[in-house]
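Engineer: First the structure, then my questions, so here it is.
The values are calculated or read from the model by the stated rules, or taken from the named source; none is laboratory data. Predicted model, so just to flag it, every value in this text is computed and none were measured. For neighbour counting, all protein chains shown are included, and Cβ atoms are generated from backbone atoms with ideal geometry for every residue, glycine included.
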Ligand SMILES: CC(=O)N[C@H](C=O)[C@@H](O)[C@H](O)[C@H](O)CO
Ligand SMILES: CC(=O)C(=O)O
């Protein structure tokens with residue numbers, strides 16, 4: 001029996017942290033980790049989409065994870081996304097993640113080429129074999145990866161006892177239930193986890209059965225998701241819904257900027273807490289002067305929503 005309680009709750013997707021030159025800032029990584037611990041989140045999801053994984057070298061990703069672990073060990077659940085789109089680098093990161101003591105590794109499927117399911121399963125299982133004492137989370141994000149998790153691929157992956165969860169970022173919340181049912185059929189009640197992906201559907205995802213959530217906007221407003229999660233735990237759907245609406249309006253506002261959503265969020269964290277996390281790597285667009293009003297408005301919306309809690 002696995003301890004799945006460590007996956008139940010609010011798990012922010014960690015942002016890429018850069019210095020003024022655009023190099024990895026391990027100081028920024030440590031500061032963001034301490035910040036999130038202080039906010040009371042359950043864990044962090046390191047090196048995923050929000051971590052700009054596809055724009056970082058293997059050595060950079062190792063340095064980020066080591067910096068996170070130096071602050072988070074024993075305090076947070078750490079899930080390290082290790083997918084690199086080629087098996088050798090992914091296997092190297094998986095081995096490294098196990099060596100620094102993460103709770104789980106995770107990976108998207110191979111992107112660009114639409115490979116057959118047996119090749120995707122082998123890609124994931126090769127990583128998992130390189131971290132044999134570490135749990136494995138399947139990251140399903142079909143709209144970005146170009147490949148969706150099918151029931152047959154999930155069933156194949158469930159043959160690997162390390163597979164404990166799906167992080168589901170597809171838009172139908174129904175997928176959460178389907179993956180959860182399949183996991184429970186294979187493992188038994190309480191032994192399989194599904195994370196909600198789309199932050200805009202956190203409440204819906206939890207209500208249909210997600211154990212927790214991993215999301216790209218949690219780190220900029222963890223208070224709201226923690227409160228939603230508490231309301232859901234108490235069966236207070238109306239209250240949870242009201243907070244979801246507020247969070248969604250904030251997300252839509254942040255997405256209005258010319259600069260990338262992650263650039264907006266890092267700028268808001270800088271203004272609210274003095275966290276220096278840098279910008280985003282090209283080709284993602286940076287903030288431009290015209291984004292000033294949007295950033296200020298989104299920050300004000302976040303502060304107002306938190307003040308009402
Ligand atoms: C497509 C995508 O990036 N999805 C993320 C992970 O599931 C979400 O956390 C989004 O960042 C979030 O819902 C904002 O749209
Ligand atoms: C957004 C998200 O969940 C990720 O960083 O992968």
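Engineer: Given the structure, is residue 128 more than 18 Å from residue 47 (Cβ to Cβ) and either more than 16 Å from ligand 2 (Cβ to nearest atom) or in contact with a strand residue (DSSP E or B) (Cβ under 8 Å, 6 or more places away or on another chain) (or both)?
Structural biologist: Answer is no for this residue.
Engineer: Continuing with this model, one more query. Could you please find all residues in the range 37-68 being surrounded by 18 or more Cβ atoms within 10 Å (Cβ to Cβ), more than 16 Å from ligand 1 (Cβ to nearest atom) and either under 20 Å from residue 222 (Cα atoms) or free of Cβ contacts under 8 Å to residues at least 12 places away in the same chain (or both)?
Structural biologist: Within the range 37-68, 68 is the sole residue that qualifies.
Engineer: What helices (runs of 4 or more DSSP H) lie completely within the range 139-231 and have 2 or more residues being in contact with a helix residue (DSSP H, G or I) (Cβ under 8 Å, 6 or more places away or on another chain) and over 16 Å from residue 49 (Cβ atoms)?
Structural biologist: The helices (runs of 4 or more DSSP H) meeting that bar are 151-157, 174-187, 202-208.
Engineer: Consider residue 150 carefully, then state whether it is within 16 Å of ligand 2 (Cβ to nearest atom), at pLDDT 95 or above and more than 14 Å from residue 2 (Cβ to Cβ).
Structural biologist: When the stated conditions are applied, residue 150 does not pass them.
Engineer: Could you tell me whether any residue of the range 247-262 is away from ligand 1 (no atom under 13 Å from the Cβ), in a helix (DSSP H, G or I) and at pLDDT 95 or above?
Structural biologist: no
Engineer: Could you check the range 70-103 and list, in sequence order, the residues that are within 17 Å of the chain's Cα centre (by Cα), farther than 19 Å from residue 58 by Cβ and not in a helix (DSSP H, G or I)?
Structural biologist: 76, 77, 103
Engineer: Take residue 183 and decide whether it is within 27 Å of residue 246 (Cα to Cα), more than 14 Å from the chain's Cα centre (by Cα), modelled with pLDDT of 95 or more and away from ligand 1 (no atom under 12 Å from the Cβ).
Structural biologist: Spelling it out, it is not the case that residue 183 is within 27 Å of residue 246 (Cα to Cα), more than 14 Å from the chain's Cα centre (by Cα), modelled with pLDDT of 95 or more and away from ligand 1 (no atom under 12 Å from the Cβ).
Engineer: Can you work out which of the residues in the range 131-147 that are more than 16 Å from ligand 2 (Cβ to nearest atom) and surrounded by 17 or more Cβ atoms within 10 Å (Cβ to Cβ) is farthest from the chain's Cα centre (by Cα)?
Structural biologist: So the residue we want is 131.
Engineer: Here's something else I'd like to know. Condition (residue is under 18 Å from residue 51 (Cβ atoms), more than 16 Å from ligand 1 (Cβ to nearest atom), crowded, with 18+ Cβ neighbours inside 10 Å and at pLDDT 95 or above) applied to the range 278-296: is it met by at least one residue?
Structural biologist: Scanning the range 278-296 turns up at least one residue that is under 18 Å from residue 51 (Cβ atoms), more than 16 Å from ligand 1 (Cβ to nearest atom), crowded, with 18+ Cβ neighbours inside 10 Å and at pLDDT 95 or above.
Engineer: Can you find a residue that is more than 12 Å from the chain's Cα centre (by Cα), at pLDDT 95 or above and part of a strand (DSSP E or B) anywhere in the range 9-32?
Structural biologist: yes
Engineer: Something else: What are the residue pairs meeting all of these: first residue in the range 173-200, first residue more than 26 Å from residue 14 (Cα to Cα), second residue modelled with pLDDT under 95 and surrounded by 17 or more Cβ atoms within 10 Å (Cβ to Cβ), Cβ atoms under 8 Å, and 6 or more apart or on different chains?
Structural biologist: Here the result reads 190/4, each pair linking the range 173-200 to a residue that is modelled with pLDDT under 95 and surrounded by 17 or more Cβ atoms within 10 Å (Cβ to Cβ).
Engineer: Going by the structure shown, is residue 205 within 16 Å of ligand 2 (Cβ to nearest atom) and modelled with pLDDT under 95?
Structural biologist: No; evaluated as a whole, the condition is false for this residue.
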